[in-house]
Amino acid sequence: MEEFFVWKPNPIAIDFGLLRVSWYGLTWSTSIIVAYFLAKAIFKREAKDLEHTTILIQYVFLGALFGARVFDVLYYHWDAFIERPLLMFEIMNGGLSSHGAMMGVALALLLFVRNYKDYSYIWCLDRAALVMPLLGGFVRIGNFINGELYGKASNLPWAVIFPLSDPLAIPRHPVQLYEALWLFLCFAIFWIIYKTKTVQNGFFTAMFLSFVLGGRLLIEFLKDSETYYGVLSNTQWVSLVGVLIGINILVRIQLKKTITS
């Protein structure tokens, strides 16, 4: 009988008695710290005011957290929200949506540029799109450690059993790691382009929407979803909208480049 990897971690990374830090919280904290240093490197490279780095990170973090929670409740748990509106504040009984986090960041950046006139909205969007794949990769590792958001049943050699969260305790695709690897790869490619090429405004935003969400759309085929509209799940439809917007922006950039060359 083939043996599969059984994942039974302790969800608590650090235990000080009264204060306990979960692995998921630790990955979120790591993403914030990494975001700060990357933002600082970007601001320094582009001769921006370094004092605005911390302020921008605060906008992005709060926007991501707000958007992730609101979108998760309104899009994935609408019926439950109508019956119990306070569900919005029951963080322990709900989740966070990565698509919602993206929307929340976009809104937060809009507020940021209204208060800090030295920055354009598209400049902020591009820099956020440049950094966010790396941060998302850390969060997906946190999902894996928690044993949540696992994939469909699988007999592949690298399939994982999540006995602490999967009532069936069967081998499944570790889609959290698939997505983490894809996000890390996207970040590496984006960062190399940023360091070596001069690109037009909107390029990284378009790349994020096209490739990051495109990868998410494909990986979702390996997940079980309770809600389908046609051949795609509710999550895939949101990703598809983003991919189409990203492709549209890339086409416009290329057309503008062709006309001006």
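The values are calculated or read from the model by the stated rules, or taken from the named source; none is laboratory data. Worth saying up front: this structure is predicted, and the values here are computed from it rather than measured. FYI the Cβ positions are ideal-geometry reconstructions off the backbone, even for glycines, and counts take in every protein chain you see.
In the set (1) under 24 Å from residue 117 (Cβ atoms); (2) at pLDDT below 90; (3) of a type outside the set (Ser, Thr, Tyr), residue 88 fails one condition alone, (1). Does residue 230 satisfy the criteria of being over 23 Å from the mean Cα position of the chain (by Cα) and within 23 Å of residue 99 (Cβ to Cβ)? Taking the combined requirement at face value, the residue satisfies it.
Scan segment 194-205 for residues that are under 15 Å from residue 134 (Cα atoms) and either over 22 Å from the mean Cα position of the chain (by Cα) or not hydroxyl-bearing (Ser, Thr, Tyr) (or both) and jot them down. Selection gives 204 alone. Kindly provide the set of residues from segment 1-40 that are surrounded by 12 or more Cβ atoms within 10 Å (Cβ to Cβ), more than 16 Å from the chain's Cα centre (by Cα) and either at positive phi or of a type in the set (Gly, Ala, Ser) (or both), ordered by number. Within segment 1-40, 13, 22, 39 qualify.
Restricting segment 155-193 to residues that are polar (S, T, N, Q) and free of Cβ contacts under 8 Å to residues at least 40 places away in the same chain, the residue that is farthest from residue 139 (Cα to Cα) is 165. Selection within segment 219-261: residues that are among the aliphatic types (A, V, I, L, M) and touching a residue at least 40 places away in the same chain (Cβ under 8 Å). The member of this set that is surrounded by the fewest Cβ atoms within 10 Å (Cβ to Cβ) is 247.
In segment 108-134, the residues that are of a type outside the set (Ser, Thr, Tyr) reach residues that are in a loop (DSSP other than H, G, I, E, B) with C-beta atoms within less than 6 angstrom, at least six apart or across chains, in these pairs: 113/119; 122/201; 122/202. One residue alone among 66, 61, 71 is in a helix (DSSP H, G or I), touching a residue at least 12 places away in the same chain (Cβ under 8 Å) and touching a His at 6+ places or on another chain (Cβ under 7 Å), and that residue is 71. Mind listing whichever residues of segment 196-229 are among the aromatic types (Phe, Trp, Tyr) and at pLDDT 95 or above? Scanning segment 196-229 gives 203, 204, 208, 211, 221. Tell me, which residue of segment 53-112 that is hydroxyl-bearing (Ser, Thr, Tyr) and surrounded by 13 or more Cβ atoms within 10 Å (Cβ to Cβ) is farthest from the chain's Cα centre (by Cα)? Result: 53.
Would it be correct to say that residue 193 is within 24 Å of residue 247 (Cβ to Cβ), at pLDDT 95 or above and loosely packed, with under 14 Cβ neighbours inside 10 Å? So residue 193 fails the test.
For residue 161, the conditions (1) farther than 16 Å from residue 220 by Cβ; (2) touching a helix residue (DSSP H, G or I) at 6+ places or on another chain (Cβ under 7 Å); (3) not small (Gly, Ala, Ser) all hold with the exception of (2).
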